[in-house]
Amino acid sequence: MSAYLAVVSARYRLLLQYRTAAFAGFVTQFFWGAIRIMILGAFFATTMDEQPMSFAQVVSYVWLGQAFLGILPWNVDEELARMIREGGVSYELMRPLDLYTFWFARTVALRTATTTLRSVPMVLVALIVLPIVGLSEYALAPPPDPVSFTLFVVSLAASVMLASAITMVMHVMLVWTLSGEGFNRIMPGLTNVLSGMVIPLPLFPDWAQPLLEWQPFRGLVDVPFRIYSGNIPATEAIWDILHQLVWTGVIVAFGRWLLQRSLRDLVVQGG
């Protein structure tokens, strides 16, 4: 286990070096977060129906979404993709490590390192700076109580595991299709919509709620951010965290099976 923890640590520290890209990402995400809040604010100002989330909860939901955008499985590890295209994957097969767990460790670092660099300034600006400049209505509100915050942290960690499991499926698809462009181009749009990143899932039509409630992408965004805002009470949060963990286990099992199938007839490219 220490070998895989070392992989996470080394890869995490390597990815933390891209500070300029992280700053550019922070500025971009803050801009889009402000636009989304204005659009949703217009919706709440004109709707005549009672909504399943308050505007304050939606604002917190949006800012957290922008802060932790990097967790979402919208891209693959470019170094792994290059190794698969150029034949370097053969060296990966020679390591005295379980290949799936080794790649999973790299993926956890990929999902968390850039997120760390962008989330800290985003949370500080949304939580502290906006109220200071008189924009309290559009600021990130603190969690309603310590229990909700604790459950949010647990749920966020489960989101990282779930996102890494989904990203691993994307990595294995690179082995199957070499370029992987078809499947991996579909995933960002699918993930953003079904996770609740574009529109909070409770705001979708009632007929869509049963499907949205059970599909795995909900555990990436909808569950942790609604726990933080108090929209999911602490008494119900345990079941939603269990939902995240069960789907993580299912997708990990599928990814392992898919990887083993792909390695039976692996053709190494390059030379």
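Key figures
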| read-out | value |
| --- | --- |
| Inter-site label distance for residue 95 and residue 47 at 7 Å from Cα along Cβ, in nm | 4.6 |
| Heavy-atom surface of the stretch 161-250, accessible at 1.4 Å and reported per residue (Å²) | 43 |
| Accessible area of the stretch 112-271 belonging to carbon and sulfur atoms, whole % at 1.4 Å probe | 71 |
| Accessible area in the full protein assembly, largest first, 1.4 Å probe, for 23, 43 | 23, 43 |
| Burial order of peptide ranges 224-236, 124-136 (average beta-carbon count within 10 Å, highest first) | 224-236, 124-136 |
| FRET efficiency for residue 27 and residue 246, using Cβ-Cβ distance with R0 set to 45 Å, rounded to 0.05 | 0.75 |
| Exposure of residue 243 as accessible area (Å², to 10), given a probe of 1.4 Å and all protein chains | 20 |
| Cα gyration tensor category, rounded, prolate or oblate, for the stretch 132-215 with a/c compared to 1.5 | prolate |
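The values are calculated or read from the model by the stated rules, or taken from the named source; none is laboratory data. Because the structure is a prediction, the values reported are computed rather than measured. Positions of Cβ are backbone-derived with ideal geometry, glycine not excepted, and every protein chain shown enters the neighbour counts. Just the protein is used for accessible areas: all its heavy atoms, side chains included, with ligands, DNA and RNA removed. Shrake-Rupley method; radii C 1.70, N 1.55, O 1.52, S 1.80 Å.
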